[in-house]
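So the structure is just underneath, and the comments pick up after that.
Read-outs: derived from the displayed coordinates by stated rules, not from any lab. The structure presented is a predicted model; accordingly, all values stated were derived computationally and were not measured. Quick reminder, even Gly has a Cβ in these numbers, built from the backbone with ideal geometry, and neighbours come from all protein chains shown.
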Amino acid sequence: MYQIKKVLGKNVRFYRKKRGFTQENLAEEMNVESGYVSKVERGIMNVRIEYVQKFAIALNVKASDLFKEVGDGE
């Protein structure tokens, strides 16, 4: 489980930066707190499936892309 959270967080950060979003921008798009986005990106927050879908929609990617090792997180 630990590894999945880390990969998800790394990819959320990668795609967020690729879109030119700050954590605050992404949080606003998803209607969540920016602290939630921060915790997800750091891989310390369990993410329910409906929020994986919200991340995917906000970042304009497939949900499955958030679990692939695609970005370096920076």
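Structure values in brief
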| quantity | calculated |
| --- | --- |
| Karplus 3J(HN,Hα) series, Hz, for the stretch 43-48 with 6.51 cos²θ - 1.76 cosθ + 1.60 (x for Gly, Pro) | x, 10, 10, 6, 10, 6 |
| Which label in (i) 27, 21, 19; (ii) 35, 23, 18; (iii) 40, 24, 19 gives the computed Cα extents along the principal axes in Å | (i) |
| Cβ-placed point charges (K, R +1; D, E -1), dipole of the chain about Cα centre in debye, nearest 20 | 220 debye |
| Helical mean residue ellipticity (222 nm; -39500 (n - 2.57) per DSSP H run of 4+; nearest 500) of the chain | -18000 deg cm²/dmol |
| The stretch 52-57 - phi-based ³J(HN,Hα) in whole Hz, Karplus 6.51/-1.76/1.60, Gly and Pro as x | 4, 5, 5, 4, 4, 5 |
| In sequence order, calculated HN-Hα J values of the stretch 35-42 (Karplus, 6.51, -1.76, 1.60; Hz; x Gly/Pro) | x, 5, 4, 4, 5, 5, 4, 7 |
| Projected label distance in nm at GLN3 and LYS62, using a 7 Å step from Cα toward the beta-carbon | 2.1 nm |
| Zone residues, the stretch 16-31, relative to GLU50, backbone N less than 16 Å from point 7 Å out along Cα-to-Cβ | 30-31 |
